[in-house]
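Read through the structure below, which is laid out as structure tokens, and then see the notes.
The values are calculated or read from the model by the stated rules, or taken from the named source; none is laboratory data. Here the structure is a predicted model, which means the values were calculated and not measured. For neighbour counting, all protein chains shown are included, and Cβ atoms are generated from backbone atoms with ideal geometry for every residue, glycine included. Please note that ligands, DNA and RNA were not included when accessible areas were found on the heavy atoms of the full protein model with its side chains. Shrake-Rupley method; radii C 1.70, N 1.55, O 1.52, S 1.80 Å.
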Amino acid sequence: MNALIIEDEGLIARELQYKIREVAPDIKVLDILPSVKTSYKWFMENSEPDLLFADIQLGDGVSFDIFDRYDLKCPVIFTTAYDEYAIKAFKVNGIDYLLKPVDTEDLKKAIDKARTIVESKIQYPRDVQELLKMMANPQSASASYKEKFVVKIRNNWTPVLTKDIAMFTRDNLNYLITFAAEKYILDFTTLDEIEELLDPKQYYRANRQAIIHIDAIQSIRPQENQKLVVTLKAPLKMELDISREKAPGFKKWFDR
């Protein structure tokens with residue numbers, strides 16, 4: 001198999017390459033990419049590999065940005081020092097999630113899993129996420145997305161069903177806004193935390209300040225600079241900008 005490593009720390013990348021050679025000498029590492037930007041360029045000029053090893057937090061962003069831009073089908077083994085991205089990893093073809101320092105035996109098991117997928121010619125777009133979760137961690141097969149959020153109304157804690165939430169937004173604090181335009185403060189530190197809990201078929205991270213429900217969208221207006229302006233349905237009547245970089249991923253999400 002041909003493989004690619006995305007890792008911004010040179011020493012760690014070389015150590016991973018050595019361990020791959022040790023447990024799977026038939027795997028050829030095509031390149032080591034140190035950033036999101038170099039990864040964009042590589043995938044623009046080359047066909048995707050059979051297998052991808054990817055760190056998550058890179059110097060110029062997160063590797064998930066690459067999957068937003070390119071609809072990659074190859075299995076991905078994530079290697080990271082952080083465990084909070086696990087759910088999101090399995091939404092982008094992740095078949096295993098190895099915490100640094102990478103254990104050699106765990107690496108071998110992950111590669112064997114990837115080999116089975118590649119050799120059996122399994123194709124899996126992002127709508128088979130539950131299958132990927134099951135393969136990577138059978139205990140997580142029953143995991144589901146968050147069905148409700150608890151908010152404080154006056155002096156009472158009240159549940160708001162996720163299906164009734166049109167968007168999540170950040171303005172110093174994090175808020176949810178229902179389809180009826182009711183706005184409540186959420187007890188979360190970042191929108192990233194909230195995004196991890198949502199079904200990616202229903203919700204999209206439009207920008208740093210907003211996550212929107214697909215049913216809240218009234219229209220999409222292309223701009224000359226390749227950005228998009230999304231208009232939300234009444235009673236929200238709000239416009240959101242989608243950057244040029246995120247526009248292709250947004251179109252695929254909205255059109256599927």
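I need the shape label for the stretch 133-254. Rule: rounded when a/c is under 1.5, else prolate if a/b > b/c, else oblate, with a, b, c from the alpha carbon gyration tensor.
Numbers: a/c = 1.98, a/b = 1.17, b/c = 1.70.
It is oblate, given that a/c is not under 1.5 and a/b is not larger than b/c.
Carbon-plus-sulfur accessible fraction, the chain (probe radius 1.4 Å, protein heavy atoms only): 50%.
Near A24, no amide H atom lies under 5 Å from its own; only residues 5 or more places off or on other chains count, and H is placed 1.01 Å from N.
Convex hull volume of the C-alpha atoms in the chain, normalised per residue: 139 Å³. Once the chain from Q202 to L173 is taken as fully extended at 0.36 nm per residue, the excess over their C-alpha distance is 8.2 nm. Each residue of the stretch 16-29 was assigned a 3J(HN,Hα) from its phi angle through the Karplus curve 6.51 cos²θ - 1.76 cosθ + 1.60 (θ = phi - 60°); the sequence is 5, 4, 4, 5, 4, 4, 6, 8, 8, x, 7, 7, 9, 7 Hz, with glycine and proline shown as x. Residues of the stretch 154-172 with backbone nitrogen within less than 19 Å of a virtual label 7 Å along the Cα-to-Cβ line of K233, please, listed as ranges. Taking a point 7 Å out along Cα→Cβ of K233, the residues of the stretch 154-172 whose backbone N falls under 19 Å are 161-169. Each of N46 and D241 was given a label point 7 Å from its Cα along the Cα-to-Cβ line. The distance between the two points is 3.4 nm.
Is the stretch 203-245 rounded, prolate or oblate when judged by the Cα gyration tensor, a ≥ b ≥ c being the square roots of its eigenvalues, rounded requiring a/c under 1.5 and prolate requiring a/b larger than b/c?
Values: a/c = 2.17, a/b = 1.37, b/c = 1.59.
The shape class here is oblate.
Each residue of the stretch 105-113 is assigned a 3J(HN,Hα), and the resulting list reads 5, 5, 4, 4, 4, 5, 5, 4, 5 Hz, derived from the Karplus form 6.51 cos²θ - 1.76 cosθ + 1.60 (θ = phi - 60°), x at Gly and Pro. In order along the stretch 34-45, the phi-based Karplus estimate (6.51 cos²θ - 1.76 cosθ + 1.60, θ = phi - 60°) of 3J(HN,Hα) comes to x, 7, 5, 4, 5, 5, 3, 5, 4, 6, 6, 9 Hz; Gly and Pro are listed as x. Between L72 and V23, the simple spin-label model (points 7 angstrom out along Cα→Cβ) gives 1.8 nm. Taking 25 Å as the limit for the C-alpha separation, the pairs K41/K73; K163/K233; K163/K237; K113/K246 exceed it in the case of K113/K246.
Per 0.36 nm of contour for each residue apart, how much would the distance between K113 and D187 grow if the chain were fully extended, relative to their Cα-Cα spacing? Don't skip to the end; give the middle numbers.
Values: separation 74, 0.36 × 74 = 26.64 nm, distance 3.81 nm.
Length gained between K113 and D187: 22.8 nm.
When Lys and Arg each count +1 and Asp and Glu each count -1, what net charge do the other residues less than 10 Å away from E48, Cβ to Cβ, add up to? Intermediate results must be reported in sequence, preceding the final value.
On the way: positive: K73; negative: D50, D71.
With Lys, Arg at +1 and Asp, Glu at -1, the neighbours total -1.
Label separation (L30 vs Q223): 3.4 nm, computed from points 7 Å beyond Cα along the C-beta direction.
Taking a ≥ b ≥ c as the square roots of the Cα gyration tensor eigenvalues, with a/c under 1.5 meaning rounded and otherwise prolate when a/b beats b/c, else oblate, which class fits the stretch 23-66? Don't skip to the end; give the middle numbers.
Values: a/c = 2.42, a/b = 1.50, b/c = 1.61.
It comes out oblate by the Cα gyration axes.
Under 16 Å of direct C-alpha separation, and excluding same-chain neighbours fewer than eight residues apart, K108 reaches these lysines: K19, K28, K100.
Given a 1.4 Å probe, how much area per residue of the chain is accessible, in Å²? Kindly include the intermediate steps, with their values, before the conclusion.
Numbers: 13820 Å² over 256 residues.
Accessible area per residue: 54 Å².
Distant-in-sequence amide contacts of V29, defined by a placed amide H-H separation under 5 Å and a gap of 5 or more residues or a different chain, comprise A3. Here N155 and I214 are evaluated by their C-beta separation; at R0 = 30 Å the FRET efficiency comes out at 0.30. Of all DSSP beta bridges confined to the chain, the antiparallel ones make up roughly 65%.
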